[in-house]
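Okay, structure first, notes after.
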Amino acid sequence: QVQLVESGGGLVQAGGSLRLSCAASGSIFSIEVMGWYRQAPGKQRELVAAVASAGSTNYGDAVKGRFTISRDNSKNTVYLQMNSLKPEDTAVYYCNAEIRKRFYPIPIEYWGQGTQVTVSS
């Protein structure tokens, strides 16, 4: 199958920065969309940011202007640069990817195990 391996989470003070990485490995023909979702205690999972293979991006309203998503298609890796972090950014962040297998045209959705981001005040 496919693995999504996340790194870069941790504890940071308000106003600080973190950079998350997610690398996809396994049987991959192409990755159409890669992105990040987050879920805080007592809240539903929400979109943080996503980027398509052609480079178009989509951001959740809460992070616009502070977070930047990017991807390296040759490495099957997506990054999330998080600046000006706020306590309300505290959540488990999940990597997500829509991946195609060779000779199978329907993309399959995969999730990482999640990485904790905690922002202290």
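Of note:
- The chain - percent of accessible surface contributed by carbon and sulfur, probe 1.4 Å: 47 percent
- For Ser25 and Asn83, the difference between the fully extended length at 0.36 nm per residue and the C-alpha to C-alpha distance is 18.1 nm.
- If you plug the beta carbon distance of Thr57 and Ser121 into 1/(1 + (r/R0)^6) with R0 = 25 Å, you get a FRET efficiency near 0.30.
- Integer Hz, Karplus 6.51/-1.76/1.60 couplings in order for the stretch 51-61, x for Gly and Pro: 9, 8, 4, 7, x, 5, 10, 9, 10, x, 4
- Each of Ser30, Ser56, Val78 was placed along the dipole of the chain (beta-carbon charges, centred on the mean Cα), and the one lying farthest toward the positive end is Ser30.
- Reported label for calculated Cα extents along the principal axes in Å given (1) 41, 26, 25; (2) 47, 28, 23; (3) 50, 24, 23: (3)
- Residue pairs, from the table Lys64/Lys101; Lys43/Lys64; Lys43/Lys86, whose Cα atoms sit over 28 Å apart: Lys64/Lys101
- Only Lys, Arg (+1) and Asp, Glu (-1) charged, at Cβ; the stretch 1-83 dipole about Cα centre in debye: 180 debye
- Where the stretch 2-63 is the region considered: accessible area per residue in Å², 1.4 Å probe: 53 Å²
- Euclidean distance between Cα centres, the stretch 1-33 to the stretch 40-118, Å: 8 Å
- DSSP bridge orientation in the chain - percent antiparallel, rounded to nearest 5: 90 percent
- Dimensionless Rg ratio for the stretch 43-102, taking C-alpha atoms and the 2.2 N^0.38 Å reference: 1.20
The values are calculated or read from the model by the stated rules, or taken from the named source; none is laboratory data. Just so it is clear, the structure is predicted and the values come from calculations on it, not from any experiment. No Cβ is skipped: glycine too gets one built from the backbone with ideal geometry, and neighbour counts run over all protein chains shown. These accessible areas exclude ligands, DNA and RNA; they are computed on the full protein's heavy atoms, side chains included. Shrake-Rupley method; radii C 1.70, N 1.55, O 1.52, S 1.80 Å.
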